[in-house]
1. Of all residues in the stretch 490-511, which are open to solvent by 70 Å² or more (accessible area, probe 1.4 Å) and modelled with pLDDT of 80 or more?
2. Any residue in the stretch 9-18 that is outside any helix (DSSP H, G or I), open to solvent by 50 Å² or more (accessible area, probe 1.4 Å) and at pLDDT below 90?
3. Scan the stretch 160-173 and give yes if some residue there is crowded, with 18+ Cβ neighbours inside 10 Å, among the hydrophobic types (A, V, I, L, M, F, W, C), farther than 30 Å from Val237 by Cα and modelled with pLDDT under 90, otherwise no.
4. For the list (1) open to solvent by 80 Å² or more (accessible area, probe 1.4 Å); (2) modelled with pLDDT of 80 or more, I need the number of the one condition that Leu126 fails.
5. What is the number of the single condition among (1) under 30 Å from His287 (Cα atoms); (2) touching a residue at least 24 places away in the same chain (Cβ under 8 Å) that Pro449 does not meet?
6. In this structure, is Ala403 touching a residue at least 24 places away in the same chain (Cβ under 8 Å) and either more than 49 Å from the chain's Cα centre (by Cα) or open to solvent by 60 Å² or more (accessible area, probe 1.4 Å) (or both)?
7. Mind checking which residues of the stretch 96-149 are of a type in the set (Asp, Glu) and either touching a helix residue (DSSP H, G or I) at 6+ places or on another chain (Cβ under 7 Å) or farther than 30 Å from Cys172 by Cβ (or both)?
Amino acid sequence: MRTPARPLLLLLLLAGAAVGCGDKSVGGLDDTAAEGGGAGEGSDQVDADADGYPAAFDCEDDDPAIFPSAAELCNGIDDNCDGRADEGLPDIDADGTPDCLDEEACDGIDNDGDGLVDEDQSDADLDGTPDCADVEACDGIDNNGDGVVDEGFDNDGDGFTPCSDTLGEWDCDDDDDARSPDAREVAGDDIDNDCDLVIDPERWDGQTIVITEILNNPGYVRDSLGEWIELYNPGDVALYVNGLLIDTGTSSYRVEAEAPVVIEAGGYLVIGASTDIRENGGAEVDHAWSEVLLENEAGGVSVRFDGALRDEVLWDPTGGWILLDGASLSFDPSLLVDLAASDAANDPPEAWCAGTETLGRSLDLATPGQPNPPCPAVDRDGDGFLNDVDCDDRDIDVNPGAAEVAYDGVDNDCDPLSPDDDVDGDGAGIATDCDDNDSLRRPGNPEVPYDGVDNDCDAATPDDDLDGDGSLGAFDCDDNEPLNAPGFAEVCDGVDNDCDGMIDGDDPSLSSPC
């Protein structure tokens, strides 16, 4: 407890001494009352809280901590009995409440005097500025804490802003209300109408793209600058690769560009870490990815469009892949003809070899954006014949030493002169030849009468009924005359019409000679 100052008590004692020894009262009161007891109890001269000030001068005579000369504390109480509470204490924001009792308000002022401004206020975007003092930014966050995100940034009034990077929410052209996630894609207009990063997806119907070259370990520059992949379009339609997803298993990138990124029919497109030939080792890269790294050893890369896998290459040095520092993985161009039928042609390691041509001024060996040089001769199917003489080096049953198998549609012996569907060599294939083991029977041959054979492979051509009278040649006495045949009526014409061996004699109604 504080020790109260007692200047007033001293004044009263001095006054008592001046009255004289015979007068024991203070201020006209009995001295017993002045001491707080006896008959004077309850008087305004009583000091009930013993703080040295009687009730007449003490504004709170029940609390010894409150008296006229007490120090004012920050407690909302008039400690010194001057009719004011907490006067003279710091009040930085001048709101009439001392800092020690003030609450921090969102006003850019240190209201509570703790050296911090606007502490403990909500900060939705965590930028260090409380929402109440923040300004809304185009960032997909409610910066000012008003419950609305990115207000004021929908320039075309279509209900979407360019502030979000989430598909389905992002406005790809905030100056055109016809382009938004709610719009319909318009075929053939070369525009991403519905803001899904895909332009004219109908072009991809029945089409695909194939990975034909990969530089996964450049030797001239860092991987993060010099890596790239080459894509080939084996189809007959130019494709937009906007929205194409490149995935390595540990990293991925979606081709994001407002302008069309085109891979022409029969052409190449290179996508990599940098388009700057001064930093990427000299490669002509058409489009730059971000945050993608290719594995130097076992790894892979796939490309997907509109959710569908278009091609994938997986390499592993333990599986026969040749991986050299500073040399690309180069797909054998002799297999390009197979890509139109199946993109699986580039799956096996035998379809790839190391790049051999120097890339610009760098030391890397690669041909980005250009046809690959031929790979060295190999025996991919293990049939003993290298691919430079094997007409199908993926099929062990097809090679120059194999026997030709008739009618299988395959050049089994790699000799185009060996017949596959014209075994008798008469120039007619099995589809039209009625007997491919007899060269005298084929379409176009003359029909030989009465040999019992369909020589011209036309069932409608008569063989033993040349006159078409319905009587076979063995019974028809004249197979060149359709009016003479067994069962026909005899006519008086000097001819055996009914083929009974008699002329005009078997008709009793006829006179003889007729």
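The values are calculated or read from the model by the stated rules, or taken from the named source; none is laboratory data. Predicted model, so just to flag it, every value in this text is computed and none were measured. Heads up, the Cβs are rebuilt from the backbone with ideal geometry, glycines too, and the neighbour counts pull from every protein chain shown. Surface accessibility is based on the protein's heavy atoms, side chains included, excluding ligands, DNA and RNA. Shrake-Rupley method; radii C 1.70, N 1.55, O 1.52, S 1.80 Å.
1. Val491, Asp493, Met502, Ile503
2. Step one: list which residues in the stretch 9-18 are outside any helix (DSSP H, G or I), which gives none.
Taking every residue of the stretch 9-18 in turn, none turns out to be outside any helix (DSSP H, G or I), open to solvent by 50 Å² or more (accessible area, probe 1.4 Å) and at pLDDT below 90.
3. Yes, the stretch 160-173 contains a residue that is crowded, with 18+ Cβ neighbours inside 10 Å, among the hydrophobic types (A, V, I, L, M, F, W, C), farther than 30 Å from Val237 by Cα and modelled with pLDDT under 90.
4. Result: Leu126 passes all but (2).
5. If we test Pro449 against (1) under 30 Å from His287 (Cα atoms); (2) touching a residue at least 24 places away in the same chain (Cβ under 8 Å), just (1) comes out false.
6. Numbers: touching a residue at least 24 places away in the same chain (Cβ under 8 Å): no; either more than 49 Å from the chain's Cα centre (by Cα) or open to solvent by 60 Å² or more (accessible area, probe 1.4 Å) (or both): yes.
No; evaluated as a whole, the condition is false for this residue.
7. Taking the stretch 96-149 and keeping what is of a type in the set (Asp, Glu), we get 99, 102-104, 107, 110, 112, 114, 118-120, 123, 125, 127, 131, 134, 136, 139, 142, 146.
Within the stretch 96-149, Asp99, Asp102, Glu103, Glu104, Asp107, Asp110, Asp112, Asp114, Asp118, Glu119, Asp120, Asp123 meet the criteria.
For (1) crowded, with 16+ Cβ neighbours inside 10 Å; (2) part of a loop (DSSP other than H, G, I, E, B); (3) among the hydroxyl-bearing types (Ser, Thr, Tyr), each residue gets a yes or a no:
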site	(1), (2), (3)
Pro54	yes, yes, no
Gly83	no, yes, no
Glu87	no, yes, no
Thr97	yes, yes, yes
Leu116	no, yes, no
